[in-house]
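Trainee: Structure incoming, see below.
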Amino acid sequence: MAFHIRNSEAERLLRELQALTGETLTDVVRNALAERLEREKNRLAASQEPDSLAALSASMRDIWSRLRLVPNRDPRPDDEILGYGSDGLPH
């Protein structure tokens, strides 16, 4: 299905996000829509929870939904990145 953007601001934002992420235009649109959908679902779910818990819960869901989309660009194990050896101690 073809999709045409007829709004110059929307196209500028799309291309700017593409340049930052290195994703294809299709991936940028798909990821942006997935993030927005997740935020809206979180907002709806939060509106059905008690107030203080709702704000915290919505924030956490929003953070996790964004973190799931961050690509892993470092193939090293966590311990190696943090500087721990096989004995569990720092180098």
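Trainee: Can you tell which of LEU69, LEU14 is surrounded by 11 or more Cβ atoms within 10 Å (Cβ to Cβ) and under 21 Å from ALA2 (Cα atoms)? Spell out how you get there, then give the answer.
Mentor: On the way: LEU69 fails: under 21 Å from ALA2 (Cα atoms).
Answer to the check: LEU14.
Trainee: Across the stretch 19-55, which residue is nearest to ALA2 (Cα to Cα) among those that are open to solvent by 50 Å² or more (accessible area, probe 1.4 Å), among the polar types (S, T, N, Q) and modelled with pLDDT of 80 or more?
Mentor: THR26
The values are calculated or read from the model by the stated rules, or taken from the named source; none is laboratory data. Please read these numbers as outputs of a predicted model, since none were measured by experiment. Note: ideal-geometry Cβ built from the backbone for every residue, glycine included; neighbour counts use all protein chains shown. For accessibility, only protein heavy atoms count, side chains too; no ligands or nucleic acids. Shrake-Rupley method; radii C 1.70, N 1.55, O 1.52, S 1.80 Å.
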